[in-house]
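K.L.:
Got a structure for you, questions after.
The values are calculated or read from the model by the stated rules, or taken from the named source; none is laboratory data. Nothing here was measured: the structure is a model prediction, and the numbers come from that model. As a convention, Cβ positions derive from the backbone with ideal geometry for all residues, glycine included, and neighbour counts pool all protein chains shown.
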Amino acid sequence: MMMAGDDQIISAEDLEKPLTYSAEAFLSPAYAKAEKERLWPNVWQMAGRVEEIPEVGSFITYDIADDSFLIVRTAPDTIKAFYNVCPHRGRQLVDTCPDRAQTCGKKKAIVCGFHGWTFDLNGKNTHILDKDDWQGALTEERTSLSPVRVDTWGGWIYITMNPDSGSLREFLEPAASILDPFEFEKMRFKWRQWVIYPANWKTSLEAFMEPYHVAGTHTQLLKYGNYYAYSKAYGAHGVSGFDERDQERRKAGGTSNTRAGAGADPRVATYELARENYETVNYSASTETLVNAARRLVDELPEGTPPGEVVKHWLASARADDAERGVVWPTLSPEQLTEAGLAWAIFPNQNILQGPTYALCYRSRPYGNDPDKCIFESYALERFPEGEEPKTEWVYAEPTGEKWGSVLAQDFANMEFVQRGMKSRGFRGALPNPHQEQKITNFHRNLAHYIGSTSLQLLDE
């Protein structure tokens, strides 16, 4: 790998210039090893949702590379995380395998299945068979579970293996402050699916980092408007959206995902796009409330109503419908919506496409030590009336339209062949769009700080 000091790493200002990078980060076993040693131990990683461990004793596992973690609710208001390994002989305390998204359940105590060593929910050892045989050498420090730092934001649980890294909040800024008004912590799983996919975790994740591919991949959407995109870096993170210059929709309270459409009648186009997003993105890139409110636009507004007024009426109507069934929308100003854009890449491996009452999210992780495979996960979040949240679990779904929806199936149809194509001797390196794919180049720029190598280069060099 090409080693790089800080002076060799592309600056944030350079991200606006034409750049190239090689396929090494996606194909090289050495790069995958470097990620295992330098990236994953030193970042905050999203490991799950708070709602997955609702009661004392509830737990989930989270695996990354060779490490496995046990995340446990130890008290009504306390979550702790430990390496999922017994200090006696190294057996995993909770069985995991790469063919399962996670292991979950509820325990009163944590018991090793090998020799019965037992630990309370706080990780302290409470039972060792024949402890006296160790002649007093088994101290509490030697026999307790190894903790890792854990924190929460937006209803997500994050862990880091680095005891000396900064706080989660510092790591997530400025994205956290920009996205706080959406109140993700008040959303709950609508569905969640995963697949073992034949591409590097970065190849899969980057497929959802830019809207530049809409015109070539999701051609059925072009009838709804101009999908020219913008992309910006925010520290380690990045945001993208459509129609940066289209302020009329923003002033009406809309987002990049609530478009008025390009048809002759914006009332009809707004409904058609809302329905398209809802039905073809697995009932996740909108809500039933928004679709139903859009369906009524032709009855509630006169023909010729300007697009901005159509969006304003539509969103106000949907907000009222939701309030009637017990779903309260967050207060989001046009300025907040403009800055929030359409979708975020939270470094290193979390993507969020947000709306006022919903979010479509992605996470991708390495599959063992194979750079040509990943564990790819997608899930939908939504606000529900209290007590009406659906019960969900992780479902394995093959990458077709049957369970993912046609839009995500179109994305799957690219990712595997990008991974294959990058191995070609004819591939000279990526040529990312400096304006519309800046989230991706920023991603590689930040990887370089952890890995100690970079292939990002200015095209005029």
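K.L.:
Which residues, counting only those in the stretch 194-212, are charged (D, E, K, R) and either on the phi > 0 side of the Ramachandran plot or outside any loop (DSSP other than H, G, I, E, B) (or both)?
P.N.:
202, 206
K.L.:
On to the next question. What are the residues in the stretch 179-212 that are out of contact with any Asp or Glu (no Cβ under 8 Å at 6 or more places or on another chain) and under 24 Å from residue 423 (Cα atoms), if any?
P.N.:
The answer is 201, 202, 203, 204, 205, 206.
K.L.:
Could you pull out the residue among 60, 79 that is surrounded by fewer than 21 Cβ atoms within 10 Å (Cβ to Cβ), closer than 24 Å to residue 362 by Cβ and of a type in the set (Val, Ile, Thr)?
P.N.:
None of the others qualify; the one that does is 79.
K.L.:
Which of the residues spanning the stretch 395-406 are part of a helix (DSSP H, G or I) and farther than 20 Å from residue 221 by Cβ?
P.N.:
402, 403
K.L.:
Considering only the stretch 407-461, state which residues are among the polar types (S, T, N, Q), in contact (Cβ under 8 Å) with a residue 12 or more places away in the chain and part of a loop (DSSP other than H, G, I, E, B).
P.N.:
Hits for the stretch 407-461 are 433, 436, 454, 455.
K.L.:
Which of the residues that make up the stretch 365-401 are surrounded by 21 or more Cβ atoms within 10 Å (Cβ to Cβ), under 25 Å from residue 288 (Cβ atoms) and among the basic types (Lys, Arg)?
P.N.:
383
K.L.:
Continuing with the same structure: So which residues in the stretch 293-305 are out of contact with any helix residue (DSSP H, G or I) (no Cβ under 6 Å at 6 or more places or on another chain) and either part of a helix (DSSP H, G or I) or exposed (fewer than 13 other Cβ atoms within 10 Å of the Cβ) (or both), if there are any at all?
P.N.:
Matches in the stretch 293-305: 299, 300, 302, 303, 304.
K.L.:
Among the residues in the stretch 188-199, are any in contact (Cβ under 8 Å) with a residue 40 or more places away in the chain, assigned by TED's automatic domain parsing to the domain that holds residue 391 and among the β-branched types (Val, Ile, Thr)?
P.N.:
yes
K.L.:
Just one of 441, 454 is β-branched (Val, Ile, Thr) and in contact with a Pro (Cβ under 9 Å, 6 or more places away or on another chain); which is it?
P.N.:
441
K.L.:
I've got another one for you. If a residue must be modelled with pLDDT of 95 or more, crowded, with 16+ Cβ neighbours inside 10 Å and among the β-branched types (Val, Ile, Thr), how many such residues does the stretch 306-360 contain?
P.N.:
Looking only at that region, the number is 4.
K.L.:
Sticking with this one: Collect the residues in the stretch 135-182 that are loosely packed, with under 11 Cβ neighbours inside 10 Å and more than 22 Å from residue 79 (Cα to Cα), keeping them in residue-number order.
P.N.:
Residues satisfying the conditions are 135, 136, 137, 139.
K.L.:
Kindly list, by first and then second residue, each pair from a residue in the stretch 209-232 that is among the small types (Gly, Ala, Ser) to a residue that is surrounded by fewer than 16 Cβ atoms within 10 Å (Cβ to Cβ) and in a helix (DSSP H, G or I), limited to pairs with Cβ atoms under 8 Å and residues at least 6 apart or on different chains.
P.N.:
Partner pairs satisfying both residue conditions: 215/222.
Conditions (1) farther than 18 Å from residue 399 by Cα; (2) at pLDDT below 95, marked per residue:
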residue: 196; (1), (2): no, no
residue: 202; (1), (2): no, no
residue: 205; (1), (2): no, no
residue: 212; (1), (2): yes, yes
residue: 215; (1), (2): yes, yes
residue: 226; (1), (2): yes, yes
residue: 234; (1), (2): yes, no
residue: 243; (1), (2): yes, yes
residue: 246; (1), (2): yes, yes
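K.L.:
Any residue at all in the stretch 127-134 that is under 30 Å from residue 238 (Cα atoms), in contact with a Phe, Trp or Tyr (Cβ under 9 Å, 6 or more places away or on another chain), surrounded by fewer than 18 Cβ atoms within 10 Å (Cβ to Cβ) and not small (Gly, Ala, Ser)?
P.N.:
no
K.L.:
Any residue in the stretch 28-48 that's of a type in the set (Lys, Arg): show its pairings with residues that are modelled with pLDDT under 95 and not in a helix (DSSP H, G or I) at Cβ separation under 7 Å, as long as the two are six or more apart or on different chains.
P.N.:
Filtered contacts from the stretch 28-48: 36/65; 36/66; 38/452.
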